[in-house]
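Participant: Here's a structure for you.
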Amino acid sequence: MLKTSMLGWISQFARDRRGVSAVEFAFVAPVMIGLYLGCVEVSDGVAVDRKVSLTAGALTNLAAQVNPATISTADMTNILNASSAIIAPYSAGNLKMVISCLKIDANGVAKVQWSETRNGTARSDGSIYSFTSSNSALAVKNSWLILSEVSYAYTPTVGYTITGTLTLSDMMFMSPRTGAPTYGIKTCS
């Protein structure tokens, strides 16, 4: 009798389909939640990286279009403030910006004439800037370039334990529109 009731109970349990959905959900839910959080992290990181590129472009563009070609301390503060506003809603405290004027001489050697920064390290006046193979075509003899370098310390919200803080960066070159810009008392010629 015990054997028959046990077999009946096992047979009834095998035919019962009431909890199948709950079991399937228990298997699928962690994977779906992981995919969702991963997509949120990746899209957030891409958004910050895009804003870093936009900030680099705006910083260079604003400095290159100053007319007359003299950038006062107040102008530079406004340029840096406007550029830092682009990173919003992300923290501007994680943003490092450096803007420099490069003079390229008759031999194609680029030297830093002046440099200004916010939260970063300015390039030394008179230091030589070495172009990479990807941007060497910009070294036009007897010309000037405005260079902006922007980096952002991005910390993922959920994936911090996996990746830690990521440094997203970009740089932008632009020719001055009205001539070699002077910053304060430092000329770029």
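Read-outs: derived from the displayed coordinates by stated rules, not from any lab. As the structure is a computational prediction, the values presented were derived from the model and not from experiment. Methodologically, a virtual Cβ is constructed for each residue, glycine included, from the backbone with ideal geometry; neighbour enumeration extends over all protein chains shown.
Participant: What ranking of ASP16, ASP170 emerges when the number of other C-beta atoms within 10 Å of each C-beta is taken as an exposure proxy, fewest first? Write down the numbers at each step before the final one.
Facilitator: Values: ASP16 9, ASP170 18.
The order, fewest Cβ neighbours first, is ASP16, ASP170.
Participant: In region 35-183, how many lysine pairs have Cα atoms under 23 Å apart, counting only pairs 8 or more places apart or on different chains? Mind showing how you got there, number by number?
Facilitator: Values: LYS51/LYS96; LYS96/LYS111; LYS103/LYS111; LYS103/LYS141; LYS111/LYS141.
For region 35-183, qualifying lysine pairs total 5.
Participant: Moving on. Which ordering of VAL46, VAL52, VAL98, VAL150 is given by a fewest-first count of other beta-carbon atoms within 10 Å?
Facilitator: Exposure proxy ranking, most exposed first: VAL46, VAL98, VAL52, VAL150.
Participant: Let me ask another. List every DSSP H helix in the chain whose Cα atoms extend 30 Å or more along the helix's own long axis and whose mean Kyte-Doolittle hydropathy is at least 1.0.
Facilitator: Numbers: long enough: 20-64 (66 Å, 1.14).
Span-like helices in the chain: 20-64.
Participant: Determine, for VAL48, VAL28, the number of other Cβ atoms within 10 Å of each Cβ, and report the residues in order from fewest to most. Could the numbers behind the result be given before it?
Facilitator: Numbers: VAL48 20, VAL28 10.
By the 10 Å Cβ count, ascending: VAL28, VAL48.
Participant: Calculated from the structure, Cα extents along the principal axes in Å equals which of (i) 43, 36, 35; (ii) 94, 42, 27; (iii) 104, 34, 24?
Facilitator: Computed from the coordinates, Cα extents along the principal axes in Å corresponds to (iii).
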